[in-house]
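One structure below.
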Amino acid sequence: MIRLSTALAMALALAACSPDSETVSKAPEGATPGEGMGGATLADFKTDTTLKDLMAHVIDFSAFGVWHNQGWLIDDTGTHELFPQDEAGWVAAESAAFTLAEAANSLLLPGRPMDDDRRWVDWSHQLYTAAKDAQAKALAKDKQGFFEAGGEMYEACVSCHNHYVQGDAPGVDAKLPQLPNRTPPPPGTPVTPQQAAPPQNQ
Ligand code: HEC
């Protein structure tokens, strides 16, 4: 059995880039922590879930709720779509995308960023934007758009991991473990089965 996304996802992982200093965003002018938070204060956020658990059980889990619902599968009996087949399936895919967007926000809660580098914020925002794009495309049942948004999501993961996990961030020695039984996510470049690079066997 072959999953088309595999080879291209690997290529994308190598090609992922970091924002350079000119494209890194600035903190909003005059922003005051706590503004618009009602009675809540920064100290009210519950952030005892570790970043590692947040990644493994919230970010990864919700991202796969999107990725498992897109792409094409080729086997002896032909090409099969992985996109949802019914209304309930599309709602589930949309909900996973919404969940991921909110989870991306939680990467910015007090204590979560690994350092003061604005790139942490930018990559979290990139993930949020891509997840919201996936949500909108799932709502519209736009298969191609949903597939492309899945690729955008993956770019955000890889960019942040390249810096903070595999990486070139000073003082960060975390290593992204090999993840067994996980299907690599789809490529950012939309492909038809006929255009796909030689896929790898699962
Ligand atoms: C803003 C930065 C950032 C983004 C965006 C990001 N990650 Fe992570 N991720 C990390 C860091 C840092 C770690 C290492 C955490 C640790 O081991 O303490 C990590 C670790 C992980 C792990 C390993 C967890 C474990 O059990 O060791 C998985 C799985 C993971 N990320 C999945 C994802 C996926 C999927 C996405 C995109 C949908 C994503 N991450 C987006 C920063 C990020």
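The values are calculated or read from the model by the stated rules, or taken from the named source; none is laboratory data. Just so it is clear, the model here is predicted, and its values are computed rather than measured. As a convention, Cβ positions derive from the backbone with ideal geometry for all residues, glycine included, and neighbour counts pool all protein chains shown. Ligands, DNA and RNA are stripped out before the accessible areas are found, and what is left, the full protein with its side chains, is counted by its heavy atoms. Shrake-Rupley method; radii C 1.70, N 1.55, O 1.52, S 1.80 Å.
Structure notes:
- For the stretch 61-81, the set of residues classified as under 24 Å from Ala130 (Cβ atoms), among the aliphatic types (A, V, I, L, M) and surrounded by fewer than 19 Cβ atoms within 10 Å (Cβ to Cβ) consists of Leu73 only.
- Each residue in the stretch 138-148 was checked for being touching a helix residue (DSSP H, G or I) at 6+ places or on another chain (Cβ under 6 Å) and either outside any helix (DSSP H, G or I) or open to solvent by less than 60 Å² (accessible area, probe 1.4 Å) (or both), and 4 pass.
- Residue count for the stretch 102-131 satisfying the condition of being polar (S, T, N, Q) and surrounded by fewer than 19 Cβ atoms within 10 Å (Cβ to Cβ): 3.
- The lone exception for Asn162 - which of (1) away from the ligand (no atom under 11 Å from the Cβ); (2) in a helix (DSSP H, G or I); (3) open to solvent by less than 60 Å² (accessible area, probe 1.4 Å); (4) of a type outside the set (Lys, Arg) it fails: (1)
- In the set Thr99, Thr50, only one residue is farther than 24 Å from Thr129 by Cβ, within 14 Å of the ligand (Cβ to nearest atom) and either loosely packed, with under 12 Cβ neighbours inside 10 Å or within 20 Å of the chain's Cα centre (by Cα) (or both); that residue is Thr50.
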